[in-house]
1. Within the stretch A:23-38, can you find the residues that are within 14 Å of chain B (Cβ to nearest Cβ) and surrounded by fewer than 17 Cβ atoms within 10 Å (Cβ to Cβ)?
2. Please enumerate the residues belonging to the stretch B:230-239 that are at pLDDT 95 or above and either among the aliphatic types (A, V, I, L, M) or closer than 14 Å to B:Ile144 by Cα (or both).
3. Mind listing just one residue for me: the one in the stretch B:253-281 that is of a type in the set (D, E, K, R) and within 22 Å of the chain's Cα centre (by Cα) and, of those, modelled with the highest pLDDT?
4. Give me the residue from the stretch B:154-178 that is of a type in the set (A, V, I, L, M, F, W, C) and assigned to a helix (DSSP H, G or I) and, out of that set, farthest from B:Glu359 (Cα to Cα).
5. Would a scan of the stretch B:291-299 turn up a residue that is touching a Ser or Thr at 6+ places or on another chain (Cβ under 8 Å), hydrophobic (A, V, I, L, M, F, W, C), farther than 30 Å from B:Phe42 by Cβ and more than 14 Å from every other protein chain (Cβ to nearest Cβ)?
6. Having 2 or more residues that are closer than 24 Å to B:Leu284 by Cα and at pLDDT below 95 is the bar; report the strands (runs of 3 or more DSSP E) wholly within the stretch B:179-229 that clear it.
7. Helices (runs of 4 or more DSSP H) wholly in the stretch B:1-111 with at least 1 residues that are free of Cβ contacts under 8 Å to residues at least 60 places away in the same chain, within 14 Å of chain A (Cβ to nearest Cβ) and more than 22 Å from B:Gly130 (Cα to Cα) - which ones?
8. Working only within the stretch B:138-152, note down all residues that are under 20 Å from B:Pro292 (Cβ atoms), buried (at least 21 other Cβ atoms within 10 Å of the Cβ) and of a type outside the set (D, E, K, R).
Amino acid sequence: MNITKTLDAKGLACPMPIVKTKKAMDSISSGEVLEVLVTDKGAINDIPAWATAGGHTIIQQKTEADVLYFYIQKAT
Amino acid sequence: MTVNKWTAAKVARKVIDQEELFILDVRNTDAFEDWKIEGQNFEYVNIPYFELLDGVDEVLTKIPADKEVLVVCAKEGSSIMVAEMLSEAGREVGYLEGGMRAWSSYLEPIKVADLKNGGELYQFVRLGKGCLSYMIISDGEAAIIDAVRFTDVFLDFAKEKGVDIKHVFDTHLHADHISGGRHIAAETGATYYLPPKDATEVVFPYTPLTERLNVKVGASQINVEALYSPGHTIGSTSFVIDNRFLLTGDILFMDSIGRPDLAGKAEDWVGDLRETLYKRYRELAEDLVVLPAHFMIIDELNEDGTVARRLGDLFKENHGLNIEDEAEFRRTVTDNLPPQPNAHEQIRQINMGKIAPDEDEQTEMEIGPNRCAVR
């Protein structure tokens, strides 16, 4: 997996992780992958819901040491 | 336009007074469909906040300009963002301080009745989750039944009323919410009672709550009498207060009955549930007023916000008390049960004293409706 960009949104509370994820997504090209690191638990449901609504694909997600990692491929 | 901060207490007033309110819920759709602020005259629209990042212009037509509008989210951050956007678009709106977390935690104490010699009975209505707790007050003393985990609410209320908490009871080992009972007892020196059959795995000391245990509150001797009524759990115990009120715990609700499966023993306990509802309760006076540990839907609230109905009326109207055929009863309470409450197994572990997660984790576990009943 090629990660084009990483967004560190750890420590940020809702809605900032999504606000920043959207901005970061706007800055990459179709098919590229954004890595997002968040600690806000609301993101577990909100990031996939936001991504799906925008046609993006979550290609992987994991939790390590209380940090959630999302790998989102931009819609083509 | 201004953005107004609403407290959960203000929203609770709207619910109890059956006022109108338009709620713009900006949580994701799954969360909204699972659980929301219920009001008889509330209207809702659910638009997740992440669909509004580019602006609210497209949704303005969905939001009435001539009604009070409250924006709600999980904690409050997103609702503030959306409320500010609406405000910039010329709308006057409010947001719920603390979001659905605060709503889940809010308790409204409502007086159910005056008891003899100046005694009082209060019901603490947790509107956001449907939990009901009770406080009996008499001559400077108090007893509490099925306290939820917000111990300060009970301690402050007792202080305000100038009463010492002497007895704290849990009708059973709860699976849908975290009990505050033993913590209140520890703080006040009160006796904490739990049914021994539900307490085989608890890791703290307690006083056994057994059949016919009789406790008097205050000099006027308000009677609190235990009645063994298994079925939701094997230890479930009801109380008769002052020979007027029947506190049913999670055995009998207004329009539903307790489910027997939350400790994984539906098949074993269904017979106990039948026995309690169709024999033990039938022997009681029909004029007793039933006070349960939960309500399921907001329509069950009386005009004053209490949840209370005459036992005899429930015998007539509650479907769960009117299933003559035993096999059909068994099917009703074991098949097609609603989903189990969020994190119910972890909540049981907390209530046994086996685990002690932090405040945030406890809040997360308790999110959502209580789901203790079967209709």
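1. A:Lys23, A:Asp26
2. Correct list: B:Ser238, B:Phe239.
3. B:Asp255
4. The extreme case among them is B:Ala158.
5. Scanning the stretch B:291-299 turns up no residue that is touching a Ser or Thr at 6+ places or on another chain (Cβ under 8 Å), hydrophobic (A, V, I, L, M, F, W, C), farther than 30 Å from B:Phe42 by Cβ and more than 14 Å from every other protein chain (Cβ to nearest Cβ).
6. Passing ranges, in order: B:214-217, B:222-228.
7. B:77-88
8. Passing the criteria: B:Ala143, B:Ile144, B:Ile145, B:Ala147, B:Val148.
The values are calculated or read from the model by the stated rules, or taken from the named source; none is laboratory data. Fair warning: this is a prediction, and the values are worked out from it, not measured in the lab. Cβ atoms come from the backbone with ideal geometry, glycine included; neighbour counts cover every protein chain shown.
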